[in-house]
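Let me begin by presenting the structure, written as structure tokens, before commenting on it.
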């Protein structure tokens, strides 16, 4: 099965025209916003009591986009609940739709007017999340995302007021280093996953030299971050990666944080008879796309014909006929509420990923919904004590056999669902998250 190359989809002149239009819109918007941004940077300041946290992030925390965005949103709400003041510096705000592929400037199938319509619709989505951030007391530094010089001036002016600086991803660390010195702040770096490990695993699988180049780049960058004297505390969602980071950063505070923050006050109900089908949930990245190809090409031929796979998440579009068959249904991107509905009637979740790093949000979400899983070793990685409940399966034929056995075994589904739920409950509960983040922001 071939993957789509969006660059080759478009006729060159059309792609160039749309890129020019998109850049022109960005330039015009920046030009019109400059006086407002300058005024806010120079004269507008918000006085606050209590501890102040500056969060540096690439893009807005869309809770319905993918697992990483959802985790960020849950963390922001928890920090506010703990009584801290949060300022959110978004380094991508304007250009993020093109970066995330949500405004397809490379696709010739989308005309100029359709492109403009998508830009307007995307802007509406941005306004919705900005409104929700404001409602929850999260201050979005909207006047700083357009001009880097304004960021440096603001940082110099407010550095003494910032108690903590929080960031995630190597690119956000670069943005942080360009802001100037934060001598009075505790600087916290979160590792969603160690990127060079993800690319190394992909290179080991594919042998692609381009991927090896990316791996070398991130290895040097991340090891430099771990050893940097500017970073005081490093966080990771994976206990396995915490142990690895400690080797690069001896003497630094390195802590494990939950990949999700869930309310376990109401225990989910798993009724085997009322459920059918299996689920794979994936955001748009290479490891999830590879996982689907792996399933279709190597696992599916051995799966019982009566078992149907549902594909959900931003990696898949409803009208994508590459995946649709009698044994596969494409649901596409889902909101949080829609995803909860899906979890209420699927029987099993599968995680056939062959490379990656960190803890997989899809795995934890399934476990916290009492849904039994079939997973490769990468899908179970980093979850405390998960090996006491599940064994990883990397062979495609054995993976299919496990799906077939589990799907038609009621007692096994219910037993594994309950054990998985109890295993993950301590790890991602609100109580555990509050305790963890209180420790992080108290020193």
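Odds and ends about this structure:
- Residue within the range 208-217 that is assigned to a strand (DSSP E or B) and modelled with pLDDT of 85 or more present: no
- A single entry from 370, 397 fulfils the requirement of being at pLDDT 90 or above, touching a helix residue (DSSP H, G or I) at 6+ places or on another chain (Cβ under 9 Å) and assigned to a loop (DSSP other than H, G, I, E, B): 370.
- Residue in the range 124-136 that is under 29 Å from residue 234 (Cβ atoms), at pLDDT 65 or above and either surrounded by 17 or more Cβ atoms within 10 Å (Cβ to Cβ) or outside the structural domain of residue 238 (by TED's automatic domain parsing) (or both) present: yes
- Here the range 406-422 is the region considered, the condition is being touching a strand residue (DSSP E or B) at 6+ places or on another chain (Cβ under 9 Å) and without any contact (Cβ under 8 Å) to a residue 60 or more places away in the chain, and the residue that is farthest from residue 298 (Cα to Cα) is 420.
- Taken over the range 373-385, the criterion of being in contact with a strand residue (DSSP E or B) (Cβ under 9 Å, 6 or more places away or on another chain) and outside any loop (DSSP other than H, G, I, E, B) is satisfied by 373, 374, 375, 378, 379, 380.
- Count of residues meeting criterion [surrounded by fewer than 22 Cβ atoms within 10 Å (Cβ to Cβ) and touching a residue at least 12 places away in the same chain (Cβ under 8 Å)] in the range 371-392: 8
- Exactly one residue among 191, 187, 165 is at pLDDT below 90 and crowded, with 16+ Cβ neighbours inside 10 Å, and that residue is 191.
- Conditions (1) within 23 Å of the chain's Cα centre (by Cα); (2) farther than 22 Å from residue 287 by Cα; number of the one not met by residue 178: (1)
- Answer from 255, 279 - the residue that is buried (at least 20 other Cβ atoms within 10 Å of the Cβ) and not in a helix (DSSP H, G or I): 279
- Residues of the range 208-218 satisfying the condition of being closer than 16 Å to residue 356 by Cβ, surrounded by 14 or more Cβ atoms within 10 Å (Cβ to Cβ) and without any contact (Cβ under 8 Å) to a residue 24 or more places away in the chain: 211, 214, 215
- Residue 310 being out of contact with any strand residue (DSSP E or B) (no Cβ under 8 Å at 6 or more places or on another chain), surrounded by fewer than 20 Cβ atoms within 10 Å (Cβ to Cβ) and either farther than 23 Å from residue 367 by Cα or assigned by TED's automatic domain parsing to the domain that holds residue 370 (or both): no
- Yes/no for residue 403 being touching a strand residue (DSSP E or B) at 6+ places or on another chain (Cβ under 6 Å) and buried (at least 23 other Cβ atoms within 10 Å of the Cβ): yes
- Matching residues in the range 137-155 - criterion: being at pLDDT below 80 and surrounded by fewer than 16 Cβ atoms within 10 Å (Cβ to Cβ): 148, 149, 152
- Number of the condition not met by residue 266 [criteria: (1) surrounded by fewer than 18 Cβ atoms within 10 Å (Cβ to Cβ); (2) touching a residue at least 40 places away in the same chain (Cβ under 8 Å); (3) out of contact with any strand residue (DSSP E or B) (no Cβ under 7 Å at 6 or more places or on another chain)]: (2)
- Qualifying residue in the range 225-244 (condition: in a loop (DSSP other than H, G, I, E, B), out of contact with any strand residue (DSSP E or B) (no Cβ under 6 Å at 6 or more places or on another chain) and crowded, with 20+ Cβ neighbours inside 10 Å): yes
The values are calculated or read from the model by the stated rules, or taken from the named source; none is laboratory data. Given the structure is predicted, the values throughout are model-derived calculations rather than measurements. Note: ideal-geometry Cβ built from the backbone for every residue, glycine included; neighbour counts use all protein chains shown.
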